[in-house]
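The values are calculated or read from the model by the stated rules, or taken from the named source; none is laboratory data. Fair warning: this is a prediction, and the values are worked out from it, not measured in the lab. Here the Cβ positions follow ideal geometry from the backbone for every residue, glycine too, while neighbour counts run over all protein chains shown. Note: areas computed on protein heavy atoms with side chains; ligands, DNA, RNA excluded. Shrake-Rupley method; radii C 1.70, N 1.55, O 1.52, S 1.80 Å.
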Amino acid sequence: MRAKPSSVTFGCCLACVCFLSVAWIQSAPELRGSTVSTLDLMSLNQRLLAAKELGEQVSRDLNLILEQVKNVSQAYADASATHTTTSASRTRSTSTSTSAPTATLRPRVRDILEERLQKPNVHLYLPHLKEHPDSLVPNVVLSKGRTGVSMVLGIPTVRREKQSYLVPTVGSLLYELSPSQLQDLLIIVFVAETDHSYVNSIAETISSNFPKEVESGLLEVVSPSQHYYPNFTLLKETFGDSKDRVKWRTKQNLDFSFLMLYAQDKGTYYVQLEDDVIAKTDYYDAMKSYTVQQESIPWLYLEFSQLGFIGKMFRTRDLHMIVDFFLMFHKDKPIDWLLDHILWVKMCHPEKDAKHCAEQKARLRHRYKPSLFQHVGLHSSLPGKTQTLKDKDFGKQRLFSPHQNPPAQVHSSLKHYQQHSLERAYQGQDFFWALTPTKGDYILFSFSQPTHVARFLFRSGNIETSSDKFYNTTVEVQPSSVSSVMKSNQTSGYSSSSDGFFVVGTFDKGMAEGSVDASLQPVSALRLVINKDSDFWVVLREILIEV
């Protein structure tokens, strides 16, 4: 492939300038003759130095031009080959169909060069991927293609020998999110396994437990290509770690990197989690509020838990650089060490002490307190390892919401568990926790005297038992004067029971909230009635009856 004529012409012109300059110096009149003055010698020396500098500059320019010509020629060759291949598949009606005009080739050359500069050189760190061109293509099992959200939560999960914590973890993250929050969030479950049957089983588990969230695009399940992982038997043992532990931490580095690359164009912020954590109920609002506070401050990541890599938030625009660093040293150290080393490279002065380095690193790493995520898994993903680490800054999770309710006698056909009685729950001392309800079971609040109930609110389930909710349950009131109310036309819109109770609300997603119409006031009792057998125990964590 020939170089562009303009580039060669420019190089030749520079060479001619250099030659003429030297010739002119040699033919200068003041240099002829047998006697040369000191002034002439000084002038000659200055001109020779100028000529030497000009010659060196010309040499550098020529080398630069040749390098540029080489790169552009290669890019043109690649682009022409691509164009020729594409054109060959089209109709060969004209002889010009196999060559692209210069105006068309130039944008292609630019695109090729930009792609080479911007794309992470994964093959340099994972050379085995060259054997399989599709080794970086994710296996997307469940997805609606949601993008443009504020926050992306990444949950890598692996096969565990004993207990799986994945469903409680996802349930904790979804617990009591508002509709607007659900629309502005994406949760990616990355199954870091290549066994298709196992990956599909995880997808089925997610679909069966969270069908609405999967259908809306809030939840995704992806896995890597079967060719993504290298031969782990070739790893060297370092830092006194066993072969199994070195393999485990190396694979974790690759898992997190793959997940980050997949998530980088999905939203504004990316949060790294694990598959055995629980979140505080207000984690979403707390994280968004904190990111707003940090907008004017430079940071690489924000910490919402002090443990390992849990609860680390990054801007998605920074994931490219972070993944490059992880892949470069994926065989050398654990991922939380590598993250700290990024800060060291960016901020630490090699001639300063450790204290100065720590202060500088703190400028790019900001911690939110109290922690929003807690590690709950007892059995580590590393076979045979028990993980008892707990985040001391997480504090106690709020399991019930106390209220001051009107005087009433409480009774239930449900059998409570341990000390979690209905009486304690009504008095705001605990939550009510009962064994599996069946059709016809009830909870009854009988007021000491006829009471005007302005509003009621009941919440079931809590962050630790997210499935123990009231399903197919109605809220009913009994007017103090049942006979007169039954005769009133104003109550025709309410369903009534044979014992004089009227349905004023139902549980939806574990919660019932509403008011009591004036035509039913005052009331002598309020009750919850289960209309269908349940598969779970039941927790009533909040009882509010406003009068």
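Brief remarks follow.
- Positive dipole terminus of the stretch 210-348, leading residue within Tyr284, Gly217, Ser242 (C-beta point charges): Ser242
- Calculated P(r) of the stretch 221-370 - Cα pairs past 20 Å, %: 55 percent
- Ranking of Met347, Met313 by solvent-accessible surface, largest first: Met347, Met313 (1.4 Å probe, protein heavy atoms only, all chains present).
- Farthest toward the positive end of the dipole of the stretch 127-251, out of Leu174, Ile155, Thr205, is the Cα of Ile155, where the dipole comes from beta carbon charges about the Cα centre.
- Centre-to-centre separation between the Cα atoms of the stretch 135-172 and those of the stretch 448-463: 37 Å.
- Long-range amide H partners of Asp430 with built H, under 5 Å: Ala425
- Qualifying trypsin sites (Lys or Arg not before Pro) in the stretch 255-354, where qualification requires a DSSP coil assignment and no more than 12 other C-beta atoms within 10 Å, comprise Lys352.
- If you take all other residues with their beta carbon under 10 Å from the beta carbon of Pro168, and give Lys and Arg +1 and Asp and Glu -1, the sum is -3.
- Inter-label distance, nm, simple model (7 Å from Cα along the C-beta direction), Ser207/Glu513: 3.3 nm
- Calculated FRET value between Gln293 and Asp336, using beta carbons and R₀ = 25 Å, to 0.05: 0.50
- Heavy-atom accessible area ranking, 1.4 Å probe, most first, across Glu193, Glu423: Glu423, Glu193
- Kirkwood Rh, angstrom, the stretch 409-469 [1 / mean 1/r, Cα pairs]: 13.0 Å
- Expressed as a whole percent, the proportion of Cα-Cα pairs in the stretch 178-305 lying more than 21 Å apart is 54%.
- Averaging the Cα positions of each part gives two centres, and for the stretch 342-374 and the stretch 491-512 these lie 58 Å apart.
- Legend: calculated FRET efficiency, Gln360 to Asn200, from the Cβ-Cβ distance at R0 = 45 Å, rounded to 0.05, equals 0.45.
- Descending semi-axes in Å of the stretch 488-547, equivalent ellipsoid built from Cα gyration tensor: 24, 15, 10
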